[in-house]
Amino acid sequence: MLRRSNYKQNEKSENVIHVGLLDIDRQSHTVTADGHVIKLTAREFEILYLLAKHRGRVYSSEEIFERVWNEPGEGSNQTVMVHISSLRDKLEMAMPGEKVIQTVWGVGYKIEK
């Protein structure tokens with residue numbers, strides 16, 4: 001019985017990515033900062049999850065668009081920039097002073113923490 005209990009706990013923790021104060025739960029599609037829910041659109045969630053899952057890796061706007069929208073990313077720079085901006089605003093409201101998503105000028109975006 002203990003073994004099953006531990007298995008379910010490990011299974012849940014594998015679905016949650018921790019980035020600083022953020023908990024990103026893939027299964028429930030929720031993001032919390034220090035226990036408070038941050039309401040994100042589906043696209044914002046997918047962008048955040050992608051960057052958090054591959055911390056340190058820089059994704060270009062085209063790569064983000066291709067992975068999140070599942071369409072060719074050519075000419076998608078403005079769309080991704082708008083979503084990143086909105087996502088940053090929501091994260092900043094929940095965690096003032098915290099910079100979660102970094103811009104690598106001329107290359108793309110990443111989460112380092």
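The values are calculated or read from the model by the stated rules, or taken from the named source; none is laboratory data. This is a predicted model, so every value here is computed, not measured. Backbone-built Cβ (ideal geometry, glycine too); neighbour counts: all protein chains shown.
Below, the figures for the structure above:
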item	result
Residue match in the range 67-74 (condition: at pLDDT 95 or above and acidic (Asp, Glu))	no
Boolean, residue 82 is closer than 14 Å to residue 51 by Cβ and either in contact with a helix residue (DSSP H, G or I) (Cβ under 8 Å, 6 or more places away or on another chain) or modelled with pLDDT of 90 or more (or both)	no
In the range 40-92, residue nearest to residue 28 (Cα to Cα) [restricted to those that are among the acidic types (Asp, Glu) and assigned to a loop (DSSP other than H, G, I, E, B)]	71
Per-region count, the range 78-101, residues of a type in the set (S, T, N, Q) and surrounded by fewer than 14 Cβ atoms within 10 Å (Cβ to Cβ)	2
Scope the range 29-57; condition of a type outside the set (D, E, K, R), touching a residue at least 24 places away in the same chain (Cβ under 8 Å) and surrounded by fewer than 12 Cβ atoms within 10 Å (Cβ to Cβ); matching residues	36, 56
Residue among 62, 92 that is of a type outside the set (Phe, Trp, Tyr), over 16 Å from residue 112 (Cβ atoms) and touching a Gly at 6+ places or on another chain (Cβ under 7 Å)	62
Scan of the range 33-51 for residues that are in contact with a Leu (Cβ under 7 Å, 6 or more places away or on another chain) and not hydrophobic (A, V, I, L, M, F, W, C), ordered by number	34, 44
Qualifying positions in the range 93-113 - part of a loop (DSSP other than H, G, I, E, B), over 14 Å from residue 77 (Cα atoms) and not β-branched (Val, Ile, Thr)	95, 96, 97, 98, 99, 112, 113
